[in-house]
Amino acid sequence: MAWYYIVLIAAYAGTIVSLVAVVLSENRNPVKSLAWITVLLMVPVFGVVLYIFFGRSLKNTRMITRRNRRRLRRQESYPPVDIQSLPLTPESHQQIRMAQTLQGAIYYPGNKIDIFTDGRTKFDALLADIDAAHSYVLMEYYIIKDDTIGTAVADALMRKAREGVKVRLIYDHIGSLHTPNRFFRQMQEAGIEVHPFFRVTFPHFATRVNWRNHRKLAVIDGRIGYVGGMNIADRYIDGTGSGIWRDTHLRVEGPAVGAIQYAVAVDWSFMGQPLILDTPSTRQEHHPGAGIQLITSGPTSHWSNIAMLFHKAIANARRRVYIQTPYFLPTDSLLRALQAAALAKVDVRIMIPARSDSTILTYASFSYVQECLRSGVKVYLYNAGMLHAKTVIVDDEFISVGSANFDFRSFEHNFESNVMIYSREINAEMTHIFFEDIAMSERVHPGTWQKRPRAQKAKESMVRLLSPIL
């Protein structure tokens with residue numbers, strides 16, 4: 001039987017060599033390629049399984065046909081804005097033009113923005129807006145729980161559906177995996193169109209499990225939109241055993257709601273559903289108001305849209321860069337941009353949770369802290385609970401809020417959505433919130449951080465090797 005084992009070993013070795021060749025031939029980020037090669041060589045059997053499930057690319061996949069994209073764009077249409085005439089800084093002009101080039105992101109002036117930093121006020125507002133809906137409600141969430149707040153949202157949606165309001169709901173199949181099917185089935189029975197994003201079932205398990213829809217969006221009657229980091233779950237109101245669940249979400253009124261609606265409509269079409277063309281909008285400008293571009297990014301994007309815009313904003317920074325993220329696993333280029341800004345005496349501050357909801361991601365995040373500290377970046381550990389906010393504040397005018405964490409998965413694998421806001425008023429309000437969170441955080445000092453146990457640092461270094469594929 002020795003020949004049998006020789007054949008098996010040869011076949012398996014050929015598989016490993018072939019997969020390594022595939023990884024190299026895709027011309028990915030070298031760091032990410034090396035991470036996958038390390039996994040394939042160090043844990044051969046498990047590594048092959050991981051690569052089949054999580055390593056493949058969707059770069060050449062089209063979310064929606066050009067014809068259907070044009071049809072949806074006509075609903076989102078807005079008169080072209082002369083960017084150079086906007087009363088914004090040259091740096092903001094560059095950001096706006098870059099977003100337009102990357103994905104045709106329309107700049108919408110005149111938007112009213114409400115900022116929510118706790119779940120109770122956000123869900124009170126969302127439920128009130130749903131109750132006031134006359135024509136339609138579109139919702140798209142990564143996680144929808146069948147708990148108290150999830151049931152309240154479902155009841156509100158079912159009530160409107162029975163009144164004749166058109167309700168469409170997208171939930172991520174993996175993010176909401178623990179929510180029983182009967183929860184969504186009862187909504188369907190009430191007349192709601194409910195669909196999971198990329199349902200993970202055999203034989204499609206390997207081709208779908210890695211590509212998750214992490215967006216949290218809602219549109220009511222085309223007048224009101226929601227975008228941010230909060231899922232639908234009680235923890236955003238009640239917290240967890242380790243403290244509050246701190247997140248940031250926005251309520252938008254104005255022309256930019258059209259961009260939020262367009263993003264949901266594209267995802268709806270991507271799931272094989274009919275185009276959403278029966279949702280006339282009644283948006284109006286608010287003066288004075290904030291300028292907004294909605295940026296989407298995902299595994300099908302030609303560029304890493306959100307990551308590239310973050311890089312541009314950091315490179316343009318003159319005074320300050322403030323970042324909040326639950327997981328800090330930056331790409332090499334973003335890490336270097338942050339270090340370069342700090343070395344240029346820009347006030348760079350990064351806030352992450354002292355204890356996140358994932359031990360392995362905590363190790364990975366902590367592995368980048370020392371490099372940041374060496375360049376003068378100020379790092380804060382949020383102690384009041386789980387910091388889940390995803391915000392970037394640059395200088396006095398630019399802000400980003402959305403679903404994208406500051407990590408590889410959000411920048412490359414997940415379907416994400418962030419608003420890029422150009423407003424001194426919103427910037428000042430977000431900066432005030434950032435410093436309120438600093439009051440509940442501990443600043444990391446280089447000397448103290450360096451003296452941590454060697455075993456802790458060793459764990460972080462080991463996990464760091466896998467950061468590009470976490």
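Read-outs: derived from the displayed coordinates by stated rules, not from any lab. What you see is a predicted model; the values in this text were computed from it and never measured. Methodologically, a virtual Cβ is constructed for each residue, glycine included, from the backbone with ideal geometry; neighbour enumeration extends over all protein chains shown.
Observations
- Rounded Å value of the spacing that divides the Cα centres of the range 283-343 and the range 353-368: 21 Å
- Between Arg374 and Glu442, the FRET efficiency estimated from the beta carbon spacing at R0 = 22 angstrom works out to 0.70.
- Distance from the range 370-419 to the range 211-226 (C-alpha centre basis), Å: 21 Å
- Temperature 25 °C, viscosity 0.890 mPa s: under these conditions the Stokes-Einstein estimate for the range 305-469, based on its Kirkwood radius over C-alpha pairs, is 155 µm² per second.
- Taking a sphere under 10 Å around the Cβ of Ser176 and counting the other residues whose Cβ falls inside, with K and R at +1 and D and E at -1, yields a net charge of -1.
- Measuring spread by the Cα atoms of the range 294-355 yields a radius of gyration and Dmax of 12.5, 37 Å.
- Amide hydrogen neighbours beyond the local backbone of Ser135, cut-off 5 Å, H modeled: Asp221
- Restraint check, Lys345/Lys390; Lys122/Lys390; Lys160/Lys216; Lys112/Lys390, Cα-Cα greater than 18 Å: Lys345/Lys390; Lys160/Lys216; Lys112/Lys390
- Net dipole in debye of the range 305-469 [+1 Lys, Arg Cβ; -1 Asp, Glu Cβ; about Cα centre; nearest 20]: 780 debye
- Whole-percent pair-distance distribution, where bins are 5 Å wide, for the alpha carbons of the range 406-470: 3, 12, 11, 13, 15, 20, 14, 9, 3, 0
- Label point distance in nm, Asp155-Arg319, each placed 7 Å from Cα along Cα→Cβ: 4.7 nm
- The distance between label points at Arg162 and Asp347 comes to 5.4 nm (points 7 Å beyond Cα on the Cα→Cβ vector).
- The stretch between Gln456 and Arg355 holds 35.0 nm of extra length on full extension. This uses 0.36 nm per residue minus the Cα-Cα distance.
- Formal net charge of residues neighbouring Thr148 (Cβ-Cβ distance under 10 Å; K, R +1; D, E -1): -3
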